[in-house]
Structures are given as C-alpha cells and as structure tokens.
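Single-structure report; data block below.
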Amino acid sequence: MIKNIFDSLVSKVYAIDVIGTITLPSGVPQQVNKTTNFISSIIRFIVVIAGIFALWQLLTGGLQFITSGGDKGKITEAQHKMQMSLVGLVIIAGSFIIIALVSKLLFGNSGAILNPELTPVVSP
C-alpha cells in the first residue's frame, strides 16, 4: 500500500530525459559486458601481483634465514618476514571468502561482486 502511494506521488525521471544522450570518449568500453571483463581483469591482475610479492617475500625471508649465520637478530628478522608474507597470503585468500559472503548476503549470488552482471538501464 505504501509503495502504491509512493509511486503515485513520485514520478519517474530518467537521466536521458534530463541530459539527453551522452557519447562516451574513445577508449571507454561501449558495451556493458566489456566493462565487467575490464574490472575483473584489474582485480585478477592485482591479486596476481600481490601473490607474487608475498611469494617473493617468503623466498627472500627463507634465504635470509639460511644465511643468517646464527645471528639472533637476523633470524628474528627473517622469521618475521616469512610470517608476514604468509599472513599476506592468508589475507589475499580470505578476502575472496569475505567478498563471497558479503555478496551472497547482499545480492543472493556469491559471485555478484567479483563477476558482476551489468545491464544497461535504457536499451539503445
């Protein structure tokens, strides 16, 4: 009932009615599905770079541990470096779990945030 009252009081105004048709600049994807692929590619690229960096830190920490020569300060520093790289990997993996849970709660689909399905508001 409230929805019917609200709909009768508020008229729908679309952006196309107010500002007209906007031409996108060159280089911007013209189709919606290309935009989702672009966003997904950026997310994948960032995750891959973060994973490579964490792996690099783990390897350099292990090398630092091996070459410490029994120095307690260097051993502690190397252990800390390896520990932080493992924490980073856990955070990277955990972020996907958190995003999937939030996406499931908000949108009913666990892949809605990472693989959004964008649809145009007004069909051309």
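Of all residues in the range 37-52, those satisfying the criterion of being within 15 Å of M84 (Cα to Cα) and touching a residue at least 24 places away in the same chain (Cβ under 8 Å) are A50, G51.
Determine which member of the set S41, S95, S85 is loosely packed, with under 12 Cβ neighbours inside 10 Å, closer than 25 Å to L114 by Cβ, at pLDDT 70 or above and within 22 Å of the chain's Cα centre (by Cα). I'd like the intermediate steps shown before the answer.
On the way: S95 fails: loosely packed, with under 12 Cβ neighbours inside 10 Å; S85 fails: loosely packed, with under 12 Cβ neighbours inside 10 Å.
Selected residue: S41, the only one of S41, S95, S85 that is loosely packed, with under 12 Cβ neighbours inside 10 Å, closer than 25 Å to L114 by Cβ, at pLDDT 70 or above and within 22 Å of the chain's Cα centre (by Cα).
Condition check: among the aliphatic types (A, V, I, L, M), touching a residue at least 40 places away in the same chain (Cβ under 8 Å) and assigned to a helix (DSSP H, G or I). Does A78 satisfy that? So A78 fails the test.
The values are calculated or read from the model by the stated rules, or taken from the named source; none is laboratory data. No experiment lies behind these values; they were computed from the predicted model shown. So basically every Cβ, Gly included, is an ideal-geometry build from the backbone, and we count neighbours across all protein chains shown.
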